[in-house]
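Below is one structure. I have some questions about it.
Every number here is computed from the coordinates shown, using simple stated rules; none is lab data. Being a predicted model, the structure only gives us computed values, none of them experimental. Cβ placement follows ideal geometry from the backbone for every residue including glycine, while neighbour counts extend to all protein chains displayed.
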Amino acid sequence: MSKNKDGMRYPSIDKLLLKIDSKYKLVFAASKVAKIIETEQLKVDGAQCVKSVGIALEEILNDKVDIEFES
């Protein structure tokens with residue numbers, strides 16, 4: 001599997017919005033997950049994206065993280 005270096009075309013925003021119903025919530029969640037990936041220097045096996053935000057979005061899309069929002 002090759003790394004995605006073409007920017008934010010993957011993962012698809014349409015598919016991500018099926019997981020989290022708001023673009024704003026999606027950005028918030030992705031930034032939190034990306035921060036954890038960077039801070040802990042985590043290596044994510046099988047990630048297609050190179051940057052931590054892209055990897056975080058992949059993890060959200062693949063249901064690898066559990067995110068709860070307050071009402």
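Which of the residues belonging to region 56-70 are in a helix (DSSP H, G or I) and not aliphatic (A, V, I, L, M)?
58, 59
Ok, one more. In the set 44, 53, 33, which member is among the hydrophobic types (A, V, I, L, M, F, W, C) and part of a loop (DSSP other than H, G, I, E, B)?
44
What residue, among those in region 14-27 that are assigned to a helix (DSSP H, G or I) and in contact (Cβ under 8 Å) with a residue 24 or more places away in the chain, is surrounded by the fewest Cβ atoms within 10 Å (Cβ to Cβ)?
Checking each candidate, the answer is 15.
Here is a follow-up. I'd like to check something: does region 47-58 contain any residue that is within 11 Å of the chain's Cα centre (by Cα), free of Cβ contacts under 8 Å to residues at least 40 places away in the same chain and surrounded by fewer than 16 Cβ atoms within 10 Å (Cβ to Cβ)?
no
Same structure, new question: Please determine, by comparing only the residues of region 21-46 that are under 21 Å from residue 9 (Cβ atoms) and of a type in the set (Val, Ile, Thr), which one is nearest to the chain's Cα centre (by Cα).
33
Out of region 33-45, which residues are free of Cβ contacts under 8 Å to residues at least 24 places away in the same chain and either of a type outside the set (A, V, I, L, M) or under 15 Å from residue 66 (Cβ atoms) (or both)?
35, 36, 38, 39, 40, 41, 43, 45
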